[in-house]
1. I need the full set of residues from region 10-47 which are exposed (fewer than 10 other Cβ atoms within 10 Å of the Cβ) and hydrophobic (A, V, I, L, M, F, W, C), in order please.
2. For region 70-88, which positions are of a type in the set (Val, Ile, Thr) and more than 12 Å from Ile159 (Cα to Cα)?
3. For region 5-29, how many residues are in a helix (DSSP H, G or I) and free of Cβ contacts under 8 Å to residues at least 40 places away in the same chain?
4. Could you run through region 35-67 and say how many residues are closer than 20 Å to Leu25 by Cβ and assigned to a loop (DSSP other than H, G, I, E, B)?
5. Based on this model, can you work out whether Ile164 counts as farther than 28 Å from Lys45 by Cα, open to solvent by 10 Å² or more (accessible area, probe 1.4 Å) and aliphatic (A, V, I, L, M)?
6. Within the bounds of region 58-65, is there any residue that is open to solvent by 80 Å² or more (accessible area, probe 1.4 Å) and not β-branched (Val, Ile, Thr)?
7. Quick one: in region 77-93, of everything that is without any contact (Cβ under 8 Å) to a residue 12 or more places away in the chain and either touching a Ser or Thr at 6+ places or on another chain (Cβ under 9 Å) or surrounded by fewer than 15 Cβ atoms within 10 Å (Cβ to Cβ) (or both), which residue is farthest from Leu135 (Cα to Cα)?
8. Taking region 129-144 on its own, how many of its residues are open to solvent by 40 Å² or more (accessible area, probe 1.4 Å) and touching an Asp or Glu at 6+ places or on another chain (Cβ under 6 Å)?
Amino acid sequence: SNDKRIKYIAKQKKGMMGWDMKSGLSIATGKYLLVIDGDGQMPIKDIGRVYKKIKRKKLDIVKTYRMQRGDSVWRKFISFCFNVLFRIFFPGLNAKDINSKPKIMTRTAYRKLELSSDDWFIDAEIMIQARRHNLKIGEIPTIFLGLTGRRSFIKLTTIIEFIINLIKFRLKEFAV
C-alpha cells in the first residue's frame, strides 16, 4: 500500500481473461507493460528474461514459447493445433507459441493495439495486431510447468470459441 507504482483494480468482473487483462493494461503507467497468468504454470524468472530482451534488442513485444510443457497430452495437442491454425490464418508472423506468457510490450506498442477480446482469445489478438502493425517481436524459450490445484479451462466450447475467433479476426484483416 505504500508503493505508488503498484495499482490494483477492484471492480465487478464483466468478462473473462481478456477483460481482466485489458482492465489491468488500461491503468498501467510504465514504459513496459507485462502480462502473466497467475496459475503458477509460468516461471516467475521469465519476467526478468523477457524484460532484459525487450530492452537489449529494442523490440516492441517479447514473449516466451513453451519448449517443454507439464500439461496433459490432450492440452499439448490442442495447443499444437491452435498454433498451426493460427499460422495458416495469419502467415508471416514469426512466433512459435501464440498464447505463451509472459508477454511484455512497450507502451508505444500497446498504444497501437485496439484490443477488443474479453475472452481467452486476447493473447492471439495481441499477436494479430502486432502482425498488422509490423511490430518487432522476440521470443525466448521456457519450460511451462504442470497445472496444480485445478483442472484446465480448455473445454470443447473453448476450442469452438477459438476457431470462431480465428475466422472472425481473419475476416477483419481484409477490412483493414
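The values are calculated or read from the model by the stated rules, or taken from the named source; none is laboratory data. Note that the structure is predicted; figures quoted are calculated from it, not measured. Quick reminder, even Gly has a Cβ in these numbers, built from the backbone with ideal geometry, and neighbours come from all protein chains shown. In case anyone asks, the SASA skips ligands and DNA or RNA and just uses the protein heavy atoms, side chains included. Shrake-Rupley method; radii C 1.70, N 1.55, O 1.52, S 1.80 Å.
1. Ala10, Ile27, Ile44
2. As a first pass, look at region 70-88 and keep what is of a type in the set (Val, Ile, Thr): 73, 78, 84, 88.
Val73, Val84, Ile88, listed by residue number.
3. To start, the set of residues in region 5-29 that are in a helix (DSSP H, G or I) comprises 17-27.
Next cut, free of Cβ contacts under 8 Å to residues at least 40 places away in the same chain only: 20, 23-24, 26-27.
Qualifying residue count for the region: 5.
4. 8
5. Answer is yes for this residue.
6. Kept after step one, since they are open to solvent by 80 Å² or more (accessible area, probe 1.4 Å), are these residues of region 58-65: 58.
So of that shortlist, the ones also not β-branched (Val, Ile, Thr) come out as 58.
Yes, there is a match, as at least one residue in region 58-65 is open to solvent by 80 Å² or more (accessible area, probe 1.4 Å) and not β-branched (Val, Ile, Thr).
7. Applying the first criterion (without any contact (Cβ under 8 Å) to a residue 12 or more places away in the chain) to region 77-93 yields 77, 80-81, 84, 87-88, 91.
In the following step, the residues that additionally are either touching a Ser or Thr at 6+ places or on another chain (Cβ under 9 Å) or surrounded by fewer than 15 Cβ atoms within 10 Å (Cβ to Cβ) (or both) were identified as 77, 80-81, 84, 88, 91.
Working: Phe77: 29, Phe80: 24, Cys81: 25, Val84: 21, Ile88: 19, Pro91: 15 Å.
So, considering only residues that are without any contact (Cβ under 8 Å) to a residue 12 or more places away in the chain and either touching a Ser or Thr at 6+ places or on another chain (Cβ under 9 Å) or surrounded by fewer than 15 Cβ atoms within 10 Å (Cβ to Cβ) (or both), the one farthest from Leu135 (Cα to Cα) is Phe77.
8. So the count comes out to 1.
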